[in-house]
Structure formats: structure tokens, C-alpha cells
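The values are calculated or read from the model by the stated rules, or taken from the named source; none is laboratory data. Worth saying up front: this structure is predicted, and the values here are computed from it rather than measured. Counting neighbours? That spans all protein chains shown, and the Cβs are built from the backbone with ideal geometry, glycine included. To get the accessible areas, we keep the full protein, side chains included, count just its heavy atoms, and leave off ligands, DNA and RNA. Shrake-Rupley method; radii C 1.70, N 1.55, O 1.52, S 1.80 Å.
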Amino acid sequence: MSTTTDLWYHYGRARAEHDRAVPETFHWTWAQDSGPGPEPLGDVTGSTVGELGAGAARHAACLVAHRLPARVDAVDASPAQHAMAMDLFGHLAPRLRLVRSDAVRHLRDTAGTYDVLYSVFGAVDFTDPRELLPAAAGALRPGGRLVFSTLAHYLGGAPAEPDVVPAEIAARTPGGETTTMRRWVLQEHVWTEVLHESGFTGISVDTLPSPTDAPRSAATLLVKAVRRA
């Protein structure tokens, strides 16, 4: 298990103190208040599903409670996020399996396991796509689906990158010190190219506009792809 500093230690803690319910809704947008529900995943009845960078596993819990998957694996490398997910939704086991692991490592260890993989501003945003996307293709069964939402542009309004390069964004250590982490904010054609190179076909990208002009709002790219047979 990774011993690196948990840069997700603070994320979601305030919400978890007062919102412990299994969510009724599933949103892909940055604002988490509009856009499609789980429909882009397709029919997950009886399917083995994985969420990459699940955080507190709210989306995964929603699927388990309101759809009929055989199992949802909520994967996250953060010890704090995994502990929060266990506290909030551990009672949904065994259909909800909370996995503390680096996403790439988990995918490489589960070749041919999944019917559907998804990420909602999760591991796809914070992992080099040249490592994560081939691993995702390998973990999917032939014809399996990958769906993810990611920023269409930077939160300050700057355009997304025209190549596969990350930006350094602000983060905090568990002790509150300021640091940075890497995030990939890529243009639509860049995602399409790296998905194709990683073993995917049937690639589509929809832009979901931000419902507000607030300084830290953003449009969302909703990306869907199918693992080549």
C-alpha cells in the first residue's frame, strides 16, 4: 500500500458529518446538480462495475441502491477517503466493495473483470492517461464500457491542454501544509486520441455546460468509449 502523503485527507469531511444518506441521484457535472443520471453507463443489471477514484463512494452507493449491478467496486488510493466510504456505506457490502488501491495497480490486477468502468472527476483526472487508460482497457471485458467526466477547461477559465500534459494544482497535506498535485485537463481531441491508442473504439464526447458563471465553475466533458474486441 502506498505510504505517500494523503492529499485527499480533508476532501468531503465536512459533508460526511451531516450527510450520511445513500444518494438518490447520480450526476456527472462539475457542479453535481444537473446533467444526465447513470444512463450513460448503459444497463448495468447483473454487471460488474468499477468506479476509479471513488472518494467517499457516493456515486457507487447510488448505483448499488437504485440499480441492479451484480457488484460495484469503489476504488480509491486515499486512506482517508476509503475510511470515510467504509463509515458511510460499508453496510452495502457485499454488492458494494470498497477497495483501497491505486487505480492503475488495481486495474492491472483485475484483467478482464469489468463490464463497466467509470470515473466522476476521479482517477482519470489525477492519473497519467497513458498509464490509466490502457490499464482500464485491460480490466474491461471485450465490448466493456468506460465512461468518465472531466473538466472541459481549467476552473479559472483557461483552455484545456492541447497535449497530454498535467498541471500542478493546489492541495493540502493532512497537517494543513500547502502543496500541489497533478491534474490532467485535456482538450476533447486529446482524450479521443489517447483513448484510441489505449484500445478503445466507439468514442464520443459531450460537453455539459456549467449552469453558473461563478469563478470556480466549469463545463464538463462526458466521455464514453468501448473496449475493442
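With respect to V104, is the statement that it is farther than 29 Å from S217 by Cβ and assigned to a helix (DSSP H, G or I) true? It is true that V104 is farther than 29 Å from S217 by Cβ and assigned to a helix (DSSP H, G or I).
Yes/no matrix, rows are residues, columns are (1) hydrophobic (A, V, I, L, M, F, W, C); (2) modelled with pLDDT under 95; (3) farther than 26 Å from A137 by Cβ:
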{"residue": "M1", "(1), (2), (3)": "yes, yes, no"}
{"residue": "G42", "(1), (2), (3)": "no, no, no"}
{"residue": "A60", "(1), (2), (3)": "yes, no, no"}
{"residue": "D76", "(1), (2), (3)": "no, no, no"}
{"residue": "M84", "(1), (2), (3)": "yes, no, yes"}
{"residue": "S101", "(1), (2), (3)": "no, no, no"}
{"residue": "H106", "(1), (2), (3)": "no, no, no"}
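When region 80-109 is limited to residues that are more than 17 Å from the chain's Cα centre (by Cα) and touching a residue at least 40 places away in the same chain (Cβ under 8 Å), the one that is surrounded by the most Cβ atoms within 10 Å (Cβ to Cβ) turns out to be F89. Just checking, which of A123, A77, A61 is crowded, with 19+ Cβ neighbours inside 10 Å, in contact with a Lys or Arg (Cβ under 8 Å, 6 or more places away or on another chain) and either hydroxyl-bearing (S, T, Y) or under 21 Å from R13 (Cβ atoms) (or both)? Every option except A77 fails the conditions. Residue under question is T207, and the condition is that it be open to solvent by 60 Å² or more (accessible area, probe 1.4 Å), over 25 Å from G50 (Cα atoms) and in contact with a strand residue (DSSP E or B) (Cβ under 7 Å, 6 or more places away or on another chain); does it hold? For T207, the condition - open to solvent by 60 Å² or more (accessible area, probe 1.4 Å), over 25 Å from G50 (Cα atoms) and in contact with a strand residue (DSSP E or B) (Cβ under 7 Å, 6 or more places away or on another chain) - is not met. Residues that are free of Cβ contacts under 8 Å to residues at least 60 places away in the same chain and either over 14 Å from V120 (Cβ atoms) or open to solvent by less than 20 Å² (accessible area, probe 1.4 Å) (or both) within region 40-58 comprise D43, T45, G46, A56, A57, listed in sequence order.
Can we say T207 is modelled with pLDDT under 95 and not small (G, A, S)? For T207, the condition - modelled with pLDDT under 95 and not small (G, A, S) - is not met.
For region 107-136, a residue qualifies if it is closer than 15 Å to E51 by Cα, in a helix (DSSP H, G or I) and in contact with a Leu (Cβ under 8 Å, 6 or more places away or on another chain), and the qualifying residues are L107, A123, V124, D125, L132, L133, A135, A136.
Only one of the numbered conditions (1) more than 20 Å from the chain's Cα centre (by Cα); (2) surrounded by 14 or more Cβ atoms within 10 Å (Cβ to Cβ) is violated by P162, and that is (2). Does region 182-197 contain any residue that is in contact (Cβ under 8 Å) with a residue 60 or more places away in the chain and among the hydroxyl-bearing types (S, T, Y)? The answer is no; no qualifying residue exists. Remark: pairs (first residue in region 167-180, part of a strand (DSSP E or B); second residue of a type in the set (G, A, S) and open to solvent by 70 Å² or more (accessible area, probe 1.4 Å); Cβ separation under 9 Å; 6+ apart in sequence or on different chains) = T178/A170; T179/A170; T180/A170. If you go through region 3-32 and pick out every residue that is farther than 15 Å from T150 by Cα and open to solvent by 50 Å² or more (accessible area, probe 1.4 Å), you end up with 16.
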